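Have a look at the structure below, then the notes.
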Amino acid sequence: MTFTSPHRTPPLTSGPSAGRSHGSAAVRATAWAPPIVGLGLGLWGITGPSAWTDEIVTMDVAQRSGPQLVQLLGRVDAVHGLHYVLMYLVGQAAGVGEFTMRLPSAVSVAVAAAGLSWLGRLLGGPRLGLYAGLLLAVLPTASRYAQEARSFAFVMAVAVLATGALIKAFSGHVRWPAVYAVLIALLGWFNVMGLLLVAAHAVTVALRRPGRRVVIRLLVAQAAGIAAVVPLLILGVSQRSAVGEAAPVTTGTPYNYFTWLLTPGQDTLPTALKLLLTLSALASVALFIARRHKTPPLILAVGLPWLTVPPLLLLALSLGQPLFAYRYLLFCLPALALLLAAAATSLPLPRRLLLALLLAAPITVSHLAIRQQDSRPWDTTAVITTLQNRAAPGDGVLFSGGRCHLIASAYPEVFAHLPDLGTTESAAERGTLDNQPADPALLHQRLARTPRVWRITCRHLSTGARPAAARRAESQEQALTRAGLSPAYHHSARGLEITLYQRRPPAG
């Protein structure tokens, strides 16, 4: 099978001039509507959800000095280095806060929606471009990561642009393989898991067979893009102990992954609506595959490998070490939007409206859910609010569990007058993401001269981090008791607990 030009959508009105005029207006609409909708949904309630563990890390890193950032990347988390550098620059220019740290992700989702609209036009014309871009923009998982201060939305945007460059390279233009190579390198530097897209692209090339010369150029471009990421891969391997844990793969993982693409986790959707959304999407994709002879063949050759090959490879890799974290595969979400859009364009209008109605209710409910304050693993806002309302001069703070202590550096204005009693050297000073804990004798001295202590405990921990957290929590409990401090107030929030300890009045 050889590459054929995508089907063209006929002019909207008759006559050459009218056709050109209205056709260009349609193209402008397909180009601008998706990113505007994507950005609007990304900005809607962007500061509502609490910042959680990974975002707290980003906020902490963005406030470090240049030398401290370089020192950190030499020791840990180099695989996120490009994103950290960008967030550092944003922090220098606009300050560090939930809005400024999340805004680049919202822009990235808008870029991804615009890019998918462009790709849809290449594959099937303006209508497919408009549907695909809009669908990506309105999917709740896209908005969820548009409001996350991490690199995953960046990876998704670059993946879309790289796929568009691949399709343009099929035409034989020499410059597009070079653009493609740069985008593959950028993909890997944002997140090495993004390089799984290269395997999907290889399947697309094998299915379309665009010609020996084009294939050679694309292979060279892929090799050059991957080679540019090799230094990061080498450094990442030396820092692999810092990689977070992922849940073990089970028989339900593929279905759960597909459902997550449509609506993210954290109980954002009731079971019945989640099932309705998932089955409607599965039925639409299956129907499109069954009716593929009625649509441009390149759509399926691009969309299906993009949707399936990266997760299958990650599943295989996870058989040795669990790596199947859904967020690593966010860059496959545009493939699902593309296939669903292609299914919609192949349906008659009544069925198209029925599909829209089936998807509308669960998508709306999910959008509302992901914007709740406690929709993330940590409800940091509840802790911050408690301290702002109840903390008094002379109080101290004690962190317990994982990287809970980074909350203090992420929100320095709240903790400026709340010394961290359990730390002797901060993570920034050490060039790591972990503070140096105070030894028992020093902690006892500090507790003995502090009348009230706010203890903040993280309960959202990986399996590997729990034993150490439990030992430290027990040690802190003993130290607080020996210092004559006992609980006087307690508030439990999602993933976090905050307890006020104060000294017992002397007997008699």
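No value in this document is a laboratory result; all are computed from the given coordinates. Since this is a predicted model, take the numbers as computed values, not measurements. Glycine gets a Cβ as well: all are built from the backbone with ideal geometry, and neighbour counts include every protein chain shown.
Modelling each spin label as a point 7 Å along the Cα-to-Cβ direction, I'd like the Ala286/Val174 distance in nm, to one decimal.
Modelled inter-label distance: 5.0 nm.
Based on DSSP, what percent of beta bridges with both residues in segment 380-503 are antiparallel, to the nearest 5?
On the way: 17 of 23 bridges.
Counting DSSP beta bridges with both partners in segment 380-503, the antiparallel share is about 75 percent.
Going by Cα centres, segment 288-312 and segment 29-108 are how many Å apart?
Each part's Cα centre sits 33 Å from the other's.
Considering the values (i) 21.3; (ii) 24.4; (iii) 26.7, which represents mean projected area of the Cα convex hull in nm² as calculated for the structure under consideration?
(iii)
Using the beta-carbon distance between Ala488 and Leu233 and R0 = 35 Å, what value does 1/(1 + (r/R0)^6) give for FRET efficiency, to the nearest 0.05? Working shown, then result.
Numbers: r = 51 Å, r/R0 = 1.46.
For R0 = 35 Å, the calculated efficiency reads 0.10.
So in the chain, what percent of DSSP beta bridges are antiparallel if you round to the nearest 5? Each step should come with its number before you reach the end.
Values: 17 of 23 bridges.
About 75 percent, rounded to the nearest 5.
Quick check: the angle from helix 98-124's long axis to the longest principal axis of the chain, C-alpha only, nearest 10 degrees?
Tilt relative to the chain: about 10 degrees.
Output the peptides 380-389, 150-159 sorted from most to least packed, where packing is the average of other Cβ atoms within 10 Å over each peptide's residues. Let's see the in-between values first.
On the way: 380-389: 18.4, 150-159: 28.4.
Highest to lowest by the protection proxy: 150-159, 380-389.
Please flag any cysteine in the chain that has no other cysteine's Cβ under 4.7 angstrom from its own Cβ.
Cysteines of the chain left without a disulfide-compatible partner: Cys332.
Whole Å is fine, so just give me how far the alpha carbon centre of segment 320-345 lies from that of segment 425-450.
Each part's Cα centre sits 43 Å from the other's.
Classify segment 380-503 as rounded, prolate or oblate from the Cα gyration tensor: take a ≥ b ≥ c as the square roots of its eigenvalues, call it rounded if a/c is under 1.5, otherwise prolate when a/b beats b/c and oblate if not. Working shown, then result.
Details: a/c = 1.21, a/b = 1.09, b/c = 1.11.
It is rounded, given that a/c, with a ≥ b ≥ c, falls under 1.5.
Which order do peptides 227-233, 274-280, 335-341 fall in by mean Cβ count within 10 Å, highest first? Each step should come with its number before you reach the end.
On the way: 227-233: 14.6, 274-280: 17.4, 335-341: 26.6.
Ranked from most to least packed, the peptides come out as 335-341, 274-280, 227-233.
Set the Förster distance to 41 Å, then compute FRET efficiency between Gln478 and Gln372 from the Cβ-Cβ distance, nearest 0.05. Intermediate values should be presented prior to the final figure.
Details: r = 37 Å, r/R0 = 0.90.
After rounding to 0.05, the efficiency reads 0.65.
Given R₀ = 41 Å, FRET efficiency for Asp267-Leu207 by Cβ-Cβ distance, to 0.05?
Efficiency computed from Cβ-Cβ geometry: 0.60.
Once both labels are modelled 7 Å past Cα along the beta-carbon direction, what's the Ala360-Ala93 spacing in nm?
Going by the 7 Å Cα→Cβ label model, 3.9 nm.
Starting from the Cα-Cα distance between Glu413 and Leu317, subtract it from 0.36 nm times their residue separation and give me the gain in nm to one decimal. Working shown, then result.
Numbers: separation 96, 0.36 × 96 = 34.56 nm, distance 4.29 nm.
So the chain would gain 30.3 nm between Glu413 and Leu317.
How much net charge surrounds Val174 when only the other residues with a Cβ under 12 Å from the Cβ of Val174 are counted, with Lys and Arg +1 and Asp and Glu -1? Mind showing how you got there, number by number?
Working: positive: Lys168, Arg175, Arg213, Arg217; negative: none.
Surrounding charge for Val174 is +4.
Return the long-range amide H neighbours of Ala246 (sequence gap of 5 or more, or a different chain), with a cut-off of under 5 Å between placed amide H atoms.
The answer is none.
Order 136-147, 350-361, 33-44, 88-99 from most to least packed using the mean count of other Cβ atoms within 10 Å. Please report the intermediate quantities before stating the final value.
Values: 136-147: 27.2, 350-361: 13.7, 33-44: 20.6, 88-99: 15.7.
Per-residue Cβ counts within 10 Å, averaged per peptide and sorted highest first, yield 136-147, 33-44, 88-99, 350-361.
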